[in-house]
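Reviewing the structure listed below.
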Amino acid sequence: MSAPELFKLPYDRVSPKDKQSFAYTTLVKRWPVVLTNVVSAVSNLNHEISMQSDNSKEAEEKLEEGKRIISQISQMKYDMGHNAALTPIENDGDINRECYNDELKIYPDYDRRWSTMNWLFAECYVYRRLRSYFASTVHWKDYDPFFEQKVETYKSSSTAIVHLAKAMNQAVEEKEELIKNYEKPGSALEIAFMEMIQADLWGNATDLSLLIDLKYEDLQKLQAVGAAAQEEQAKFILRNDLSKAWDHLKTLKGGRVDIVLDNAGFELYTDLILADFLASCTPFVDQVIFHPKAIPWFVSDVLPYDFTWAIDSLLDTSFFASHASTPLSPEDLASLSALAARWKRHLNSGRFKLSVPENTKLGKATPLGRFWTTQYSFQDLPEIAPGTLQELRKSDLVIFKGDLNYRKLVGDAWWPTTTPFEVALGPLAGKITLLSLRTNKADTIVGLEEGIEERLNKEAPDWRVSGK
Ligand code: F6P
Ligand code: MG
């Protein structure tokens, strides 16, 4: 097969070559922590297995495989620290292996090393290579090394979760009132929409690959919900097209919205809140399709199973108990179950739909689920995954959640910050109607007014990556 014709970026990609970049910080400080955490998770399980008194042959095999995974991860960490060349991913029977190996071949030796490689490729490669260690075993194939972390942050978000559940249930109850005069600027429905969509935007600030650097108080602030908190937070939005999104949604009747998901736990919950609002409280949208990842990805991204447990946990009255600062009241619990019951009805009726079967095994996605865990930018969607693009073209609005999706939309390049978003989208521009909801956690950014970059460089030097 001939090599794909990829979009030629007019600017360099972000790379750890630049020691001022967040890519560099990621290489030297953050990936090692992510990998060490995976080693700890596997070691803990191995320890549990070795403590069992009646160890079967299967347990022995699992233990040995666990040890091999630990040594492979340690090797990758060592390679990173010693600027080794990235090596081809071994045959592990999972999807999306050749695309990484084929691209690796085209780089000259200097550009194929951990400290000089482009960041987007290298970071996607980290998670694909990590996956291959698990995929090539018998007993760890279905294991998500980040699962416990995802559950922990979901549990620690109960205050915001309950607040949003109550707001959402009330909106559904008052639906008839809410939609009166919705065409008018500043209608009750528009105000409610702005609240739900901003909660969904800030939900992105809480991803686990970044929480390494984020304090708990910061997290609470970012999860602040309610009109006043939203107004306060709105000042931090550097590029705000939500009114345009609203104007577009208002033109729809029984339309379809797609959400290219980012993180599990609280962020996914806010995605579902927005989806519920659109599907239950407005006449604009009849169906919301959610696109998860096929392999454990950037620590906290949604896998098919994460979608299921996020909803089921809301029906489990003890789920949040261990983390809530004050125990949830019977009224709180009733709100959560009413919400979850409605979401289950939406799933049964097809109003909510996961783009792949819910029981899809890790690393085995259908064609529609594959593209998101390749290394490719979305500028290359038309060339690389025309089928996925064709499917997205059926949608009235595709919402891309989060920082990595944003990096991929603009190719993770050093665009001048005033470059129009449509220009940075390259060949994807005009092909689908899209909205990106992203909190800044990486160097690349476009679409800013003149002067903003200069002001922020003075006032908040970490503005590109702080998530705030
Ligand atoms: O470095 C921060 C980071 O890990 C980036 O590498 C990545 O773009 C981002 O966090 C993941 O964030 P999100 O979950 O919003 O895509
Ligand atoms: Mg993520």
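The values are calculated or read from the model by the stated rules, or taken from the named source; none is laboratory data. In this text the structure is predicted, and so the values were computed from the model without any measurement. Cβ: placed from backbone, ideal geometry, glycine included. Neighbour counts: every protein chain shown. Only protein heavy atoms, including side chains, enter the accessible area calculation; ligands, DNA and RNA are left aside. Shrake-Rupley method; radii C 1.70, N 1.55, O 1.52, S 1.80 Å.
Can you confirm whether Arg68 is outside any loop (DSSP other than H, G, I, E, B) and buried (at least 16 other Cβ atoms within 10 Å of the Cβ)? Here the answer is no, as Arg68 does not meet what is asked.
From the list Phe277, Phe284, Phe290, the one residue that fits, being within 16 Å of ligand 1 (Cβ to nearest atom) and either farther than 21 Å from Val162 by Cβ or at pLDDT 95 or above (or both), is Phe290.
Entry remark, segment 322-346: residues being buried (at least 16 other Cβ atoms within 10 Å of the Cβ), part of a helix (DSSP H, G or I) and under 25 Å from the mean Cα position of the chain (by Cα) number 6 in total.
Only one entry in Leu268, Leu274 is within 16 Å of ligand 2 (Cβ to nearest atom) and in contact with a helix residue (DSSP H, G or I) (Cβ under 6 Å, 6 or more places away or on another chain), namely Leu268. No other residue among Ser318, Ser300 is within 16 Å of ligand 2 (Cβ to nearest atom) and of a type in the set (S, T, N, Q) apart from Ser300.
Out of Pro16, Pro4, Pro32, one residue alone is part of a loop (DSSP other than H, G, I, E, B) and modelled with pLDDT of 95 or more. It is Pro16. Looking at Pro367, Pro357, which one is farther than 21 Å from Leu249 by Cβ, modelled with pLDDT under 95, open to solvent by 30 Å² or more (accessible area, probe 1.4 Å) and under 20 Å from the mean Cα position of the chain (by Cα)? Just a single option satisfies the conditions, and that option is Pro367. Could you tell me whether segment 264-275 includes any residue that is surrounded by 23 or more Cβ atoms within 10 Å (Cβ to Cβ), of a type in the set (A, V, I, L, M) and touching a Ser or Thr at 6+ places or on another chain (Cβ under 9 Å)? Yes, that holds for at least one residue. Condition check: in contact (Cβ under 8 Å) with a residue 12 or more places away in the chain and surrounded by fewer than 16 Cβ atoms within 10 Å (Cβ to Cβ). Does Glu176 satisfy that? So Glu176 does not fit the description; no.
Please work out which one of (1) in contact with a Ser or Thr (Cβ under 9 Å, 6 or more places away or on another chain); (2) hydrophobic (A, V, I, L, M, F, W, C); (3) within 16 Å of ligand 2 (Cβ to nearest atom) is the condition Ile289 fails and give its number. For Ile289, the failing item is (3). Anything in segment 43-63 that is part of a helix (DSSP H, G or I), open to solvent by 100 Å² or more (accessible area, probe 1.4 Å) and among the charged types (D, E, K, R)? List them, or say none. Across segment 43-63, the qualifying residues are Glu48, Lys57, Glu58. Residues of segment 375-410 that are open to solvent by 10 Å² or more (accessible area, probe 1.4 Å), over 24 Å from Ile197 (Cβ atoms) and within 16 Å of ligand 1 (Cβ to nearest atom): Tyr376 alone.
Residues in segment 281-321 that are of a type outside the set (Phe, Trp, Tyr) and in a strand (DSSP E or B): Val285, Asp286, Gln287, Val288, Ile289, His291, Asp301. Of Asp102, Asp79, Asp94, Asp144, all but one fail to be under 22 Å from Trp372 (Cβ atoms), modelled with pLDDT of 95 or more and surrounded by fewer than 17 Cβ atoms within 10 Å (Cβ to Cβ); the exception is Asp102. Of everything listed in (1) open to solvent by less than 40 Å² (accessible area, probe 1.4 Å); (2) in contact (Cβ under 8 Å) with a residue 60 or more places away in the chain, the single unmet condition for Ala84 is (2).
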